[in-house]
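Here's the structure we're looking at; comments come further down.
All of the numbers you see were taken from the coordinates with simple rules; none came from a lab. Computed from a predicted structure; not experimentally measured. Here the Cβ is made from the backbone with ideal geometry for all residues, glycine too, and neighbour counts use every protein chain on show.
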Amino acid sequence: MKVKVSVDKDLCTACALCYDEVPEVYEDSGDGIAQVKAEVGGDGAIIEGDLAQRVLEVTEECPSGALVTEVIEE
Ligand code: SF4
């Protein structure tokens with residue numbers, strides 16, 4: 001699996017779920033609002049394999065729909 005990840009910061013409510021669950025990809029931008037880590041490529045980064053599966057799961061769990069995850073390859 002391959003996904004393209006980003007965060008809609010205007011929707012994020014800083015619940016911390018995504019960076020608690022998938023710290024390899026997401027982090028606190030400083031005020032609790034999530035962002036995609038620069039280490040993985042920032043907004044628009046491509047994530048593959050098991051990590052992509054976990055990204056997809058936390059995307060469904062995000063309470064505000066702020067995680068934008070596009071499946072590029074099943
Ligand atoms: S799970 Fe959603 S609302 Fe919570 S910090 Fe991450 S993007 Fe923001």
Quiz item: Among the numbered criteria (1) in a loop (DSSP other than H, G, I, E, B); (2) more than 15 Å from D10 (Cβ to Cβ), which single criterion is violated by I46?
Solution: (1)
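Considering only the range 1-28, state which residues are in a strand (DSSP E or B) and surrounded by 15 or more Cβ atoms within 10 Å (Cβ to Cβ). Full working, then the answer.
Keep residues of the range 1-28 that are in a strand (DSSP E or B), which gives 2-7, 26-28.
Scanning the range 1-28 gives V3, K4, V5, S6, V7, Y26, E27, D28.
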Practice problem: Kindly indicate the residue of the range 57-74 that is within 17 Å of T13 (Cα to Cα) and of a type in the set (A, V, I, L, M) and also nearest to the chain's Cα centre (by Cα) among those meeting that condition. | Solution: L67
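If you check P63 against the conditions, is it within 11 Å of the ligand (Cβ to nearest atom) and of a type outside the set (A, V, I, L, M, F, W, C)? If you could, list the steps in order and put the result at the bottom.
Numbers: within 11 Å of the ligand (Cβ to nearest atom): yes; of a type outside the set (A, V, I, L, M, F, W, C): yes.
Considered against the rule, which asks whether it is within 11 Å of the ligand (Cβ to nearest atom) and of a type outside the set (A, V, I, L, M, F, W, C), P63 comes out as yes.
On the basis of being polar (S, T, N, Q) and surrounded by 15 or more Cβ atoms within 10 Å (Cβ to Cβ), does Q35 make the cut? I'd like the intermediate steps shown before the answer.
Details: polar (S, T, N, Q): yes; surrounded by 15 or more Cβ atoms within 10 Å (Cβ to Cβ): yes.
When the stated conditions are applied, Q35 passes them.
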Quiz item: Just one of V55, V71 is out of contact with any Gly (no Cβ under 7 Å at 6 or more places or on another chain), of a type in the set (A, V, I, L, M, F, W, C) and either in a loop (DSSP other than H, G, I, E, B) or surrounded by 14 or more Cβ atoms within 10 Å (Cβ to Cβ) (or both); which is it?
Solution: V55
Practice problem: Those residues that are surrounded by fewer than 17 Cβ atoms within 10 Å (Cβ to Cβ) and touching a strand residue (DSSP E or B) at 6+ places or on another chain (Cβ under 7 Å), I need them from the range 58-67; list them, please. | Solution: none
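Going through A16, A34 one at a time, which residue ends up being of a type in the set (G, A, S) and closer than 13 Å to V68 by Cβ?
Details: A16 fails: closer than 13 Å to V68 by Cβ.
Answer to the check: A34.
Quick check, is T13 of a type outside the set (A, V, I, L, M) and either away from the ligand (no atom under 11 Å from the Cβ) or under 11 Å from the mean Cα position of the chain (by Cα) (or both)?
Numbers: of a type outside the set (A, V, I, L, M): yes; either away from the ligand (no atom under 11 Å from the Cβ) or under 11 Å from the mean Cα position of the chain (by Cα) (or both): no.
So T13 does not fit the description; no.
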